[in-house]
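Asker: Dumping the structure here so I can ask a few things about it.
Every read-out reported here was derived from the displayed coordinates using simple, explicitly stated rules and does not represent laboratory data. Just so we're clear, the structure is a prediction, and the values are computed from it rather than from any experiment. All Cβ positions, even for glycine, are placed from backbone atoms using ideal geometry, and neighbour counts span all protein chains on display.
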Amino acid sequence: MVSTACGDYHNLGLDTTGQAYSLPSPLHFSSFPGGAQQRVTEVVCGKEHCMLLTEHGQVYSWGGGTRGQLGHGTVSSEDSPRLVMALDGMKIIKIAAGGWHSAAISEFHDLYMFGWNESGQLAQQTNLARPAECFSAVEKLLMACCTMQAEDAALPRGDTEDTEVYRKHDDTSSVPPLPDPEKEALNCYTSSSCDNNTDFVMVQPLPVLVTISGKTAAECAVIDVGCGSRHTVCLTQGNNLWSFGWNKYGQLGLGDTKSRDSVARMVVPPRARQKDIAILRCGDWGTAIVTKNNKK
């Protein structure tokens, strides 16, 4: 294996020949029935969903889709890799998967996002720009339910301010897993969530272009992207970092803990400014970069 990716329910692998695996079994897919399978160049996992990128720049997604993170225009889940048709008219060179959102970079260095926008992680305007104290108890409960695993829905939660309700799952859990149809029924979002004819975007089930407001064309050209639980960080040409989404723990690197639903330039440490950024990675609640010395 040359790379692996892990989610809550999926473990993916990629070997030297470009064969992708849903470990331990090989993945089989095609853009049309009976068509030849393409070589895979990248595999990524979110909490409940997976994506792969082929040698020809096509993106396939499958798994949980209840927050639009598969990019198929619905909030339905998929059992097997399905071509993201909205991205099929362009060549994609890089993909990333967050908790319940996804990102793709085109060969023209444009950034496309889709999925959950509850904290502004798609750089689309969201109603969570309001302070937590402005939400009613019913709204807080709804948001908390939307971040739970279905089998956790009846469990009390003490922290509704940030609505983060992750829990470690183990084999000793006394709560039996729900069948798939029941899990879908507990989802807070329905097809009506895909109607974005309002000022706020909570679920974006189709890829949307993200605008980077750099001063030059190079500053707007995205070359790498990372997705955390509910935040996104991207790297543009010229060593510029931009971030948006949830920021309770300072994961956006902006010098504060205020969440953003629009693209903001990251505050890069002085020592890092003089070096090239070689690696960008986002964890659930954090961000890391690795630098290398500039070529002389």
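Asker: Set the Förster distance to 22 Å, then compute FRET efficiency between residue 76 and residue 200 from the Cβ-Cβ distance, nearest 0.05.
Answerer: Numbers: r = 22 Å, r/R0 = 1.02.
E between residue 76 and residue 200, to the nearest 0.05, is 0.50.
Asker: Given H placed 1.01 Å from N in the peptide plane, which residues other than close sequence neighbours of residue 221 have an amide H under 5 Å from its amide H?
Answerer: HN-HN under 5 Å from residue 221: 237.
Asker: Here's something else I'd like to know. Please report how many Lys pairs in region 217-296 have alpha carbons closer than 23 angstrom, counting only residues at least 8 apart along the chain or sitting on separate chains.
Answerer: 4
Asker: Here's a follow-up. Taking H placed 1.01 Å from N in the peptide plane, check which residues at least 5 places from residue 201 or on another chain put their amide H under 5 Å from its amide H.
Answerer: So residue 201 has HN proximity to 125, 126, 127.
Asker: I need the phi-derived Karplus couplings for region 240-257: 6.51 cos²θ - 1.76 cosθ + 1.60, θ = phi - 60°, integer Hz, Gly and Pro marked x.
Answerer: So the Karplus estimates, Gly and Pro as x, are 9, 10, 10, 8, 6, x, 5, 9, 4, 9, x, 5, 7, x, 9, x, 8, 10 Hz.
Asker: 7 Å from Cα along Cα→Cβ at both residue 85 and residue 108: what's the point-to-point distance in nm?
Answerer: Reported label-point gap for residue 85 and residue 108 is 2.2 nm.
Asker: Same structure again: So the label point goes 7 Å from the Cα of residue 262 along Cα→C-beta, right? Which residues of region 96-117 then have their backbone N under 20 Å from it?
Answerer: Correct set: 111-114, 117.
Asker: Show the residues, 5+ positions off or on another chain, whose built amide H is closer than 5 Å to the amide H of residue 9.
Answerer: Residues meeting the amide H criterion: none.
Asker: Cut-off 20 Å, label point 7 angstrom out along Cα-to-Cβ of residue 248: give me the residues of region 104-123 whose amide nitrogen falls inside.
Answerer: 116-123
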